[in-house]
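One structure is given below, encoded as structure tokens.
The values are calculated or read from the model by the stated rules, or taken from the named source; none is laboratory data. All values reported here derive from a predicted model rather than from experimental measurement. In this analysis, Cβ positions are derived from the backbone assuming ideal geometry, glycine residues included, and neighbour counts consider all displayed protein chains. Keep in mind that these areas ignore ligands, DNA and RNA; they rest on the heavy atoms of the full protein, side chains included. Shrake-Rupley method; radii C 1.70, N 1.55, O 1.52, S 1.80 Å.
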Amino acid sequence: MTTVRHLSPDELHAGLPVIEASPQDDGRLAMIVRRPATDERELLEEGELSMDLGLVGDNWSLGRANPECQLTLMNARAADLVAAGDRSRWALAGDQLYVDLDIGSANLPTGARLAIGSDAVVEVTAEPHTGCEKFISRFGLEAMKFVNGPTGRPLCLRGINTKVVRGGTIRVGDTLRKLA
């Protein structure tokens, strides 16, 4: 059995400079994760975003789908930090898109739009993304305190909620661009 290491508060805070160096205007889509059912993850090289379904094939549209929480984005550098550098564990955070981009509220306030690839556009919603008990069990209580604390919250280290305003095909490696 593999032991999962949760980082200490000091280790988490030591990783802040790497996260804060994320690009502000033009980033990159680092990972696409579809969740076909609870606790299931599929890593995709390509996905389809839809205004009605979010990430096509994702379980978001099942049950109590909130249109303000259609698609979640997490900073890839933050995911890498809480996963203690183990990229295979990023998807456990539960987000669909992992992006190398500053997704903090100062850079991407509510209403900001992001183009992903050549077609898709998503809009940041006001719905906070704070995580759950599963995040704590997978990354530790200190990681949850870090991402939701006074430093992590404004940087949106736990991620942001968005909605699809223009559908399209997205691919790992696609450019993300802030739109005016």
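Worth pointing out:
- Accessible area per residue (1.4 Å probe, heavy atoms of protein chains only) ranks E68, E20 as E20, E68, with the largest value leading.
- In nm, spacing of pseudo-spin labels at A21 and E42 (7 Å Cα→C-beta vector): 3.6 nm
- Comparing V122, V82, V18 in a Gaussian network model of the chain, where Cα atoms under 10 Å apart are tied by springs, the biggest mean-square fluctuation is seen for V18.
- Our helix-only sum for the chain, with -39,500 (n - 2.57) per DSSP H run of n ≥ 4 divided by its residues, gives a mean residue ellipticity at 222 nm of -4500 deg cm²/dmol.
- Answer label for Rg and Dmax of the Cα atoms in Å (calculated), chosen among (1) 15.0, 49; (2) 17.7, 55; (3) 16.7, 50: (1)
- Each residue of segment 3-16 was assigned a 3J(HN,Hα) from its phi angle through the Karplus curve 6.51 cos²θ - 1.76 cosθ + 1.60 (θ = phi - 60°); the sequence is 8, 8, 9, 9, 6, 7, x, 5, 5, 5, 5, 5, x, 4 Hz, with glycine and proline shown as x.
- Among the protein heavy atoms of the chain, carbon and sulfur supply 52% of the accessible surface, probe 1.4 Å, non-protein parts ignored.
- L55 long-range amide H proximity, modeled H, under 5 Å: S50
- Gaussian network model of the chain, Cα within-10 Å springs - most flexible of L101, L44, L155: L44
- A 1.4 Å probe run over the protein chains yields, for segment 1-77, 59 Å² of accessible area per residue, whole-number rounding.
- Only lysines eight or more places from K134 in sequence, or on another chain, were considered; those with a Cα closer than 17 Å are K145.
- T110, T162, T130, reordered so the largest accessible area comes first (probe 1.4 Å): T110, T130, T162
- Amide hydrogen proximity for C156: with H placed 1.01 Å from N in the peptide plane, the residues at 5 or more positions away or on another chain lying under 5 Å are S105.
- Rolled with a 1.4 Å probe across the full set of protein chains, the surface gives D119 an accessible area near 70 Å².
- Based on Cα contacts under 8 Å between residues 6+ apart, segment 1-66 shows a relative contact order of 20 percent.
- Near R166, the amide H atoms lying under 5 Å from its own belong to V121; only residues 5 or more places off or on other chains count, and H is placed 1.01 Å from N.
- Phi angles across segment 123-134 convert, under the Karplus curve 6.51 cos²θ - 1.76 cosθ + 1.60 with θ = phi - 60°, into 3J(HN,Hα) values of 10, 5, 9, 7, 4, x, 10, 10, x, 8, 4, 5 Hz, Gly and Pro given as x.
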